[in-house]
Amino acid sequence: MDIEGVIIFDSHTGVPLFSRLRENIDPSLFSSFIAAIGHFSNELRLGGLSSFTTEEKVIFLAAREKIITALVSPKKPEYQEAYSLAKELGRQFESQNINGDSFDVYQQDEFALIVDDFMRKIKNPFVSRVAEFLHTNYGGSVSIKTRMMKVNGSQGIIDAVVNLGIKHTAEDNGKKKRDTADLVSENFIFCKVSDGRLSRTELIDFLDSVDGYGVRIMKGDELTFVPYYPSRSVVIARAFAPEAIEFLGRLPNDGNGPYLDGTHVFLGHEKQSSRTTKCPLDVYAWKDSEEPVILSVQS
């Protein structure tokens, strides 16, 4: 947790006895806070209120008999998102329950689906925000923690998969003579998501696994594993280890950015002219208070 300040108040009068604040905190922020502490102290002594928010900060309160200690933390976007979701959840409930009557069974089930999605977003707000970013920037639908078959028959998990939803007519497929795995691959973007510092090992493990998922299909009389080869790969992390950045610089780069060379994926198979062996790689540094920054990686 990022703590920007500590303030200790007299629990009866609300008078500040001690404060240590970072320079970027506006002292006027606490004018209303100080005025309200006297009221809060009564609730705290009864085991009530333990935190509240201003427009920019979250204040955590811990009460003893004579003093209240306040920790000041920045309000991260996840908090605001949770608050917005709660308001929207209440709005949807009211819109479906105008007369204040009890929901019938159908309404209960329908609203339960809305609540389940709400709880999913609250449980992991970082991944939910990343999913929204992926959808906004790449389109399609985004699945989190997607399970796919690996070459050894087991299942692997990809942090996020974007399905672009590209549709092909039967005529298109016939002209290009492309198999199902190839068509599905064209729709996929595989994503590595890290809510922390991405290490070189984690990066390499993800890049090595990009062509490790696929489907088993019959070719002649033989059941063959055909890998999906995504149209793009994306890595998003809050921070990158220097060794990870160095490794990215070693990847082939066509001037538009790094890419994965998938030539080996097609060895032993007839390569279609409509298919490229390049899988572009987009790498983003995640920012809580602004848009993610795409890293410029030079070979």
Would you say PHE133 is more than 30 Å from LEU89 (Cβ to Cβ), at pLDDT 90 or above, surrounded by 16 or more Cβ atoms within 10 Å (Cβ to Cβ) and not polar (S, T, N, Q)? no
Pick from segment 193-238 the residues that are charged (D, E, K, R) and under 19 Å from MET149 (Cβ atoms): which of them is nearest to the chain's Cα centre (by Cα)? ASP205
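Take the residues in segment 215-256 that are among the aromatic types (Phe, Trp, Tyr) and in a loop (DSSP other than H, G, I, E, B), then tell me which one is surrounded by the fewest Cβ atoms within 10 Å (Cβ to Cβ).
TYR228
Of the residues that sit in segment 151-162 and are modelled with pLDDT of 85 or more and surrounded by fewer than 16 Cβ atoms within 10 Å (Cβ to Cβ), which one is nearest to LYS76 (Cα to Cα)? Even if it seems obvious, please write down each step before you answer.
Of segment 151-162, the ones modelled with pLDDT of 85 or more are 154-162.
Subsequent filtering for residues that are surrounded by fewer than 16 Cβ atoms within 10 Å (Cβ to Cβ) retains 154-157.
Values: SER154: 38, GLN155: 35, GLY156: 32, ILE157: 28 Å.
Among those residues, the one meeting the criterion is ILE157.
The values are calculated or read from the model by the stated rules, or taken from the named source; none is laboratory data. Because the structure is predicted, anything quoted here is derived from the model rather than measured. Ideal geometry is used to build each Cβ from the backbone, glycine not excepted, and the neighbour counts take in all protein chains shown.
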